[in-house]
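**Q** I'd like to ask some things about the structure below.
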Amino acid sequence: MNVHVEVVCITADGTEQRRDVLAVERAGLAMETLGMSLQEGKALLEGVQDWIVAQQVHENLEQQRVCPLCGQQRKNKDAGSTAVKTVFGRVEVPNPRWHRCACETTGPKTFRPTQVWLQGRTSPELIYLETKWASLIPFAKVVELLKEVLPLDDVENQETVRNHLQATAERMEQELGDERQLNLFEGSEEEWEQQPLPDGPITVGIDGGYVRAAHKQGVFEVIAGKSVVAFRREGEGNVPSAKCFGFVQTYDEKPRRLWELMKSQGMQENQQVVFMSDGGEDVRRVQEYLHPFSEHLIDWFHITMRLTVLQQQTKALKEERPQTGTDVSKQLESVKHLLWHGNTEEALERLGNLIMDLSLIQAHSAAAEKVAGGVAEFETYIRNDREFIPNFGERRRQGETISTAFVESTINQVVSRRFVKKQQMGWTLRGAHLLLQTRTKVLNDELVDVFRRWYPQFRQEVA
């Protein structure tokens, strides 16, 4: 059996242009010969793409060849072509240079008619695929994947993919504009009161993760988190989906990205916003800048995590001094109970007494010295952040969020799975920050909307 695939182009005047793009020969039927092979499919796509591009550009040039002022054809200075990478292979786009018509008295004497639309040397569709997949898996793996399924054998390498992703992220960064004071209501008191009822509270959980730095410079911290809207007012549609975010704080000069994310979820000036974090001063400054009237809380997850570590340290003390170790463990459990109910002053008092008791024996006990150090560090942590520790029990009874445990999965999703240590890859501050911007767009299912905004005819939605 022989199959010939032919492409037919029908022009505006009804003229048909034909080209054979693929011939398939089959002698017998087996599972491995059923239908086209991947290689034949790639050849078909490459042939069709080349033909469509040639016809598109030819028709466009014919339409522009005639001078709109006098109707004369513009004269050709030189032919030329430009190679453009597309999802279905490299294509040569005719790119002639023409003389300006004699009746045109302004402008350059020669010009390229394709400059109106030929921006760049890679199609938006290919840049989108590179950016999307490079946000999820290593650059080299993206090249392998695209070459495996698309006719891109000679046009892809990981450095190109990296550059395209970073250029996409840089363009998104530029759209954020200059920093300014955010969320300041400029209306009158009466206008404030006339604002519609907002949706339920927005809870923003923020946490940090560490990434291996390039050139063996240790590690640096990245901030990531998730924004969740509690509920919509009745009759106003579905609850906005949770959205994640990430940035490198020591590189990022536009913390308003989080504000823009909350605005995309419908945030109003009079809406309650609760930020939950581990209490870091840098993170808290970002929160106050983004929403001056927001509520800032230490989350229960980080408190219990620190107490769990302290309880683990008491095990060695119990082996060495059973009664002392047991008493210390009970005291820590009591502190946990007090903090759960927001009683920070009494919790600090008990921690102080515990530090004093341990100081009496730590000179003669390595285990006691270690526990004392941990308790002292925890006491400092609680003292510095005591004004941000609520009554967790009351919040729990009211159905309010008390922990950023939901952010832990976000840290893994946003940071760990793409920046994992197993890859042995070092990152610059800029490289990590830009990748975080495209990665969160992909995870929030927003990257395609970004490309539609930049390229109005990109993947047009079917009505």
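The values are calculated or read from the model by the stated rules, or taken from the named source; none is laboratory data. Source: prediction; values computed, not measured. Reconstructed Cβ throughout: ideal geometry from the backbone, glycine too, with neighbour counts over all protein chains shown.
**Q** Which residues, taken from the range 317-326, are surrounded by fewer than 19 Cβ atoms within 10 Å (Cβ to Cβ) and touching a residue at least 12 places away in the same chain (Cβ under 8 Å)?
**A** Glu319, Glu320, Arg321
**Q** Select from the range 344-373 the residues that are under 42 Å from the mean Cα position of the chain (by Cα), without any contact (Cβ under 8 Å) to a residue 24 or more places away in the chain and crowded, with 16+ Cβ neighbours inside 10 Å and list them in ascending order.
**A** Once the filter is applied, which keeps residues that are under 42 Å from the mean Cα position of the chain (by Cα), without any contact (Cβ under 8 Å) to a residue 24 or more places away in the chain and crowded, with 16+ Cβ neighbours inside 10 Å, the range 344-373 yields only Ala372.
**Q** Would you check which residues across the range 8-50 are hydrophobic (A, V, I, L, M, F, W, C) and part of a loop (DSSP other than H, G, I, E, B) and list them?
**A** Ala12, Ala27, Leu29, Ala30, Leu34, Met36
**Q** Checking the conditions here, which among Thr15, Thr11 is among the β-branched types (Val, Ile, Thr), over 21 Å from Ala79 (Cβ atoms) and exposed (fewer than 10 other Cβ atoms within 10 Å of the Cβ)?
**A** Exactly one residue qualifies, and that residue is Thr15.
**Q** Also, quick follow-up: Could you say whether any residue in the range 119-135 is within 25 Å of Thr438 (Cα to Cα) and more than 26 Å from the chain's Cα centre (by Cα)?
**A** no
**Q** Search the range 121-173 for residues being under 26 Å from Gly41 (Cβ atoms) and of a type in the set (Lys, Arg), and hand back the single one that is surrounded by the most Cβ atoms within 10 Å (Cβ to Cβ).
**A** Looking at the filtered set, the residue picked out is Lys132.
One line per residue, one yes/no per condition, for (1) in the same structural domain as Leu69 (by TED's automatic domain parsing); (2) of a type in the set (D, E, K, R):
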position: Ala102; (1), (2): yes, no
position: Val116; (1), (2): no, no
position: Leu126; (1), (2): no, no
position: Thr131; (1), (2): no, no
position: Ile137; (1), (2): no, no
position: Glu148; (1), (2): no, yes
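**Q** Within the range 427-463, take every residue that is within 16 Å of the chain's Cα centre (by Cα) and in a loop (DSSP other than H, G, I, E, B) and give me the one that is surrounded by the fewest Cβ atoms within 10 Å (Cβ to Cβ).
**A** That would be Asp445.
**Q** Please verify whether the range 92-113 includes one or more residues that are within 30 Å of Arg439 (Cα to Cα) and of a type in the set (A, V, I, L, M, F, W, C).
**A** no
**Q** Sticking with this structure for a sec: Only one of these is modelled with pLDDT of 75 or more and buried (at least 19 other Cβ atoms within 10 Å of the Cβ): Val211, Val219, Val239. Name it. Give the derivation first.
**A** Working: Val219 fails: buried (at least 19 other Cβ atoms within 10 Å of the Cβ); Val239 fails: buried (at least 19 other Cβ atoms within 10 Å of the Cβ).
Answer to the check: Val211.
**Q** Can I ask one more? Name the single residue that is modelled with the lowest pLDDT among those in the range 182-208 being part of a loop (DSSP other than H, G, I, E, B) and of a type in the set (S, T, N, Q).
**A** Of everything passing the filter in the range 182-208, Asn183 is modelled with the lowest pLDDT.
Conditions (1) touching a strand residue (DSSP E or B) at 6+ places or on another chain (Cβ under 7 Å); (2) among the hydrophobic types (A, V, I, L, M, F, W, C); (3) more than 21 Å from Thr250 (Cα to Cα), marked per residue:
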| position | (1), (2), (3) |
| --- | --- |
| Gly352 | no, no, yes |
| Leu360 | no, yes, yes |
| Ala368 | no, yes, yes |
| Gly373 | no, no, yes |
| Tyr381 | no, no, yes |
| Phe406 | yes, yes, yes |
